[in-house]
Amino acid sequence: MSKPKEHIDPRVVRTRQLLRDALIALIHERGFESLTVKDITERATLNKATFYLHYKDIDDLLIQSTVELQEELVTAIGLPMITEATLTSSLLALLVLVFEHFALYKDFYDVVLNKIGTPPVIVAIQNPIETMSQRTIARLHSPDAVVDQDLIIRFMSSACIGLMQRWLATSADRSPKYMAEQCLNLLAYGIYNSLRHSQTEKENQPNE
């Protein structure tokens, strides 16, 4: 039986959001390296004591904010039952939810992926993607498969993050559904076949 989610005081949620929004706005304006806790609390109209009630330092604010948003994503997706018969449609639906989440928090993810990109932040994003990938791969992976399961999972998560970075930096006018379809094509066809398949060939294949 799963443990009920702990209730968080709405005032705490609001305070954390104010600090997160202040951090992102200031990084856009000044960059990350020169920021101080005082800069963030003044922008958020909070005092430093309030900041330290929630976070140890600015790095902690950044990482915990990333973790909280990833938890929100995992909750939204839930535990999709993906089988071989429904693989394409189920993966597409899952990827659409992922890209919609990143679009909703575009400013935050653009900063953490394209302007900072420190290993702890990347790991905080990569871990839930790998967890979701593992649930799918575990059901479908054959013991005789030519690529190890752990390498497939890392490839999928790294590919998704790479596409996110590119999309947020240069192509956010493309819809989450479009990006989900592009990601699925890469995962389903591989790089070589994605270069060779035409859109007509893909549309003529039977739907799953």
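The values are calculated or read from the model by the stated rules, or taken from the named source; none is laboratory data. Just so it is clear, the model here is predicted, and its values are computed rather than measured. Note that we place each Cβ from the backbone using ideal geometry, even for glycine, and neighbour counts take in every protein chain shown.
Check whether at least one residue in segment 148-155 is modelled with pLDDT under 85, assigned to a helix (DSSP H, G or I) and either under 11 Å from the mean Cα position of the chain (by Cα) or surrounded by fewer than 19 Cβ atoms within 10 Å (Cβ to Cβ) (or both), and report yes or no.
yes
Would you tally the residues in segment 151-185 being among the acidic types (Asp, Glu) and under 27 Å from Ile116 (Cβ atoms)? Outline the logic, then answer.
Taking segment 151-185 and keeping what is among the acidic types (Asp, Glu), we get 173, 181.
After this cut, where a residue has to be under 27 Å from Ile116 (Cβ atoms) as well, the list is 173.
Selection size over segment 151-185: 1.
Test Leu69 against the stated conditions and say whether it is modelled with pLDDT of 90 or more and touching a His at 6+ places or on another chain (Cβ under 8 Å).
So Leu69 passes the test.
Can you confirm whether segment 4-26 contains a residue that is modelled with pLDDT under 95 and of a type in the set (Ser, Thr, Tyr)?
No, segment 4-26 contains no residue that is modelled with pLDDT under 95 and of a type in the set (Ser, Thr, Tyr).
Leu92 fails exactly one of the following numbered conditions: (1) touching a Leu at 6+ places or on another chain (Cβ under 7 Å); (2) among the hydrophobic types (A, V, I, L, M, F, W, C); (3) free of Cβ contacts under 8 Å to residues at least 60 places away in the same chain. What is the number of that condition?
Every listed condition holds for Leu92 apart from (3).
Is it fair to say Gly117 is modelled with pLDDT of 85 or more, more than 21 Å from Ala76 (Cα to Cα) and of a type in the set (Gly, Ala, Ser)?
Against the criterion (modelled with pLDDT of 85 or more, more than 21 Å from Ala76 (Cα to Cα) and of a type in the set (Gly, Ala, Ser)), Gly117 does not qualify.
Condition check: modelled with pLDDT of 85 or more and either farther than 27 Å from His101 by Cα or part of a helix (DSSP H, G or I) (or both). Does Lys202 satisfy that?
no
Starting from segment 111-132, keep only residues that are closer than 17 Å to Ile152 by Cβ and assigned by TED's automatic domain parsing to the domain that holds Trp167, then list their pairs with residues that are small (Gly, Ala, Ser) and not in a loop (DSSP other than H, G, I, E, B) whose Cβ atoms are within a distance under 8 Å, requiring at least 6 positions of separation or different chains.
So the pair list comes out as Gln126/Ser157; Gln126/Ser158; Ile129/Ser157; Glu130/Ser157.
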